[in-house]
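To keep things clear, I will list the structure first and then write my remarks on it.
The values are calculated or read from the model by the stated rules, or taken from the named source; none is laboratory data. Not measured: the values here are computed from a predicted model. Reconstructed Cβ throughout: ideal geometry from the backbone, glycine too, with neighbour counts over all protein chains shown.
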Amino acid sequence: MMPTDFIAGTVSSGATPPTSALSSPLRFDARRYFGATALRRIKDEVEIELADRAYLPDLSDLQRDWVSSVAAPAFRALARRRATPVRAFASIGTGSGVDALAAIEILDADVVSITDLFDEVVAAAERNVRRNLRAGVDVVLHAGAGDLLTPLAPSGAKFDVIYENLPNLPVDDARLIERDKTSAAFLAPRAEIIPQLVTDWLLTMHYLALVQAREALTPGGVVLSTIGARLPLDVIARMSRTAGLAPTFLTYGWKVQADAEDVISTYAHWERQGLGPFQFYAVDQLEAAFEGLDPGEAGYHAEALETALADGQFSAVAAWEAHRSGARIGHTYVVLQSGLS
């Protein structure tokens with residue numbers, strides 16, 4: 001999809017958002033969702049517009065929700081460790097825009113840029129950010145629809161933090177992307193030259209985001225890539241170095257495999273084609289390995305934890321068989337922090 005025109009403007013809680021053609025807004029307790037005892041910059045109750053083709057907060061189980069359980073803890077870990085403030089933040093593939101709200105609240109970002117593939121998704125996310133700021137909080141918001149960072153390129157903007165939660169699994173039918181939610185899949189093949197390491201481990205979109213982000217970072221800026229780590233951590237670090245950046249693991253954790261019927265079977269398909277082997281685990285093993293560990297603390301020990309988990313590891317084919325036999329299957333995730341060398 002070619003990018004739409006770049007949109008920019010100062011956003012404040014007093015601004016009146018455009019009237020939405022969409023209905024049934026979702027309201028939830030932002031303190032619970034973001035894991036905060038008090039909020040300073042966004043409202044206590046967040047109201048999110050329901051946009052088609054955008055995954056929305058999973059309020060029934062916050063452990064399944066990526067912004068609540070992965071992005072927000074990663075932002076807190078980054079805020080604790082970072083020596084300089086985060087002024088400018090970008091989200092690639094923002095969906096509903098709650099990741100941008102997390103950055104505004106946790107990282108104190110006051111210049112925020114969001115992108116996603118579809119015009120209506122970006123427009124709804126922009127409205128969601130506008131309507132959920134506290135009175136007196138002003139944020140400069142940029143929004144554009146298109147591929148990765150392409151919609152933001154004309155502005156020449158530089159970012160202290162670029163966040164992405166992009167899909168791993170390729171599909172070759174554009175109609176599937178056009179009609180469905182696309183958190184797990186992207187349209188392939190891509191026109192860019194992709195290193196074999198990247199394609200073999202289904203990391204294409206993460207790699208391309210890193211390549212584009214390299215020219216859009218401020219000195220000291222970082223990219224945060226949230227990756228379902230169904231592959232070795234060493235491969236993820238090598239991907240970052242191949243993109244010309246320096247990797248560290250900011251946070252590390254685990255999740256029950258969502259949409260297990262589709263996702264595990266698809267990884268098993270690619271494994272049978274010679275890729276992988278991919279990494280899955282019994283949920284009981286993951287619970288025991290990560291018990292009592294904060295995601296930031298686990299990030300410091302990610303490689304050691306991965307090694308400790310190795311004995312109980314399932315390949316994707318074995319995980320699919322175990323799932324079909326009734327086992328609860330999960331996987332690890334990592335938030336990869338990549339900075340300029």
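Can you tell me how many residues in region 255-293 are of a type in the set (Asp, Glu), modelled with pLDDT under 95 and in a loop (DSSP other than H, G, I, E, B)?
Total meeting the criteria: 1.
Quick one: which of Ala260, Ala308 is surrounded by fewer than 22 Cβ atoms within 10 Å (Cβ to Cβ), over 27 Å from Pro195 (Cβ atoms) and under 20 Å from the mean Cα position of the chain (by Cα)?
Just one listed residue meets the conditions, Ala260.
So which residues in region 237-254 are buried (at least 21 other Cβ atoms within 10 Å of the Cβ) and not in a strand (DSSP E or B), if there are any at all?
Met239, Ser240, Ala243 - these are the residues of region 237-254 that are buried (at least 21 other Cβ atoms within 10 Å of the Cβ) and not in a strand (DSSP E or B).
Taking the residues in region 113-154 that are part of a loop (DSSP other than H, G, I, E, B), within 24 Å of Val223 (Cα to Cα) and among the aliphatic types (A, V, I, L, M) as candidates, determine which candidate is nearest to the chain's Cα centre (by Cα).
Leu148
Going by what's in this entry, would Thr266 be described as out of contact with any Cys (no Cβ under 6 Å at 6 or more places or on another chain), more than 18 Å from Pro167 (Cβ to Cβ), buried (at least 18 other Cβ atoms within 10 Å of the Cβ) and of a type in the set (Val, Ile, Thr)? Write out each step before concluding.
Values: out of contact with any Cys (no Cβ under 6 Å at 6 or more places or on another chain): yes; more than 18 Å from Pro167 (Cβ to Cβ): no; buried (at least 18 other Cβ atoms within 10 Å of the Cβ): yes; of a type in the set (Val, Ile, Thr): yes.
No; evaluated as a whole, the condition is false for this residue.
On the given criteria, is Ser225 of a type in the set (S, T, N, Q) and touching an Asp or Glu at 6+ places or on another chain (Cβ under 6 Å)?
Judged against the criteria, Ser225 is a match.
If I ask for residues that are touching a residue at least 60 places away in the same chain (Cβ under 8 Å) and either more than 18 Å from Ile227 (Cα to Cα) or not hydroxyl-bearing (Ser, Thr, Tyr) (or both), which ones from region 55-66 would you list?
Within region 55-66, Gln63, Arg64, Trp66 meet the criteria.
Find all pairs meeting these conditions: Cβ atoms under 6 angstrom apart; at least six residues apart or on different chains; first residue within region 83-96 and free of Cβ contacts under 8 Å to residues at least 60 places away in the same chain and closer than 9 Å to Asp116 by Cα; second residue crowded, with 22+ Cβ neighbours inside 10 Å and of a type outside the set (A, V, I, L, M).
From residues that are free of Cβ contacts under 8 Å to residues at least 60 places away in the same chain and closer than 9 Å to Asp116 by Cα, the pairs are Thr94/Asp116.
Give the residues of region 87-111 that are small (Gly, Ala, Ser), within 16 Å of the chain's Cα centre (by Cα) and outside any loop (DSSP other than H, G, I, E, B), sorted by residue number.
Correct list: Ala90, Ser91, Ala100, Ala102, Ala103.
If the Cβ limit is 9 Å and pairs must be 6+ apart or interchain, which residue in region 116-142 that is without any contact (Cβ under 8 Å) to a residue 40 or more places away in the chain pairs with which residue that is surrounded by 24 or more Cβ atoms within 10 Å (Cβ to Cβ) and among the aromatic types (Phe, Trp, Tyr)?
none
In region 36-57, which residue that is in contact with a Lys or Arg (Cβ under 8 Å, 6 or more places away or on another chain), modelled with pLDDT of 90 or more and surrounded by 15 or more Cβ atoms within 10 Å (Cβ to Cβ) is farthest from Leu141 (Cα to Cα)?
This residue is Leu39.
Every residue in region 18-32 that is outside any loop (DSSP other than H, G, I, E, B) and either basic (Lys, Arg) or at pLDDT below 95 (or both), please.
Scanning region 18-32 gives Leu26, Arg27, Arg31, Arg32.
Of all the residues that make up region 302-341, how many are assigned to a loop (DSSP other than H, G, I, E, B) and not hydroxyl-bearing (Ser, Thr, Tyr)?
Result for region 302-341: 4.
Could you figure out which of (1) exposed (fewer than 14 other Cβ atoms within 10 Å of the Cβ); (2) touching a strand residue (DSSP E or B) at 6+ places or on another chain (Cβ under 9 Å) isn't true of Gln285?
(1)
Would you please name the residue that is surrounded by the most Cβ atoms within 10 Å (Cβ to Cβ), looking only at residues in region 58-86 that are among the polar types (S, T, N, Q) and in a loop (DSSP other than H, G, I, E, B)?
Applying the filter and picking the extreme gives Gln63.
Would you pick out the residues in region 204-226 that are among the β-branched types (Val, Ile, Thr) and buried (at least 24 other Cβ atoms within 10 Å of the Cβ)?
Val222, Val223
Mind checking whether some residue in region 98-114 is of a type in the set (A, V, I, L, M, F, W, C), in contact (Cβ under 8 Å) with a residue 12 or more places away in the chain and more than 30 Å from Pro154 (Cβ to Cβ)? Walk me through it before giving the result.
Step one: of region 98-114, the residues of a type in the set (A, V, I, L, M, F, W, C) are 98, 100-104, 106-107, 109, 111-112, 114.
Narrowing the set further to residues that are in contact (Cβ under 8 Å) with a residue 12 or more places away in the chain leaves 98, 100-104, 106-107, 109, 111-112, 114.
Still in the list and also more than 30 Å from Pro154 (Cβ to Cβ): none.
No, that holds for no residue.
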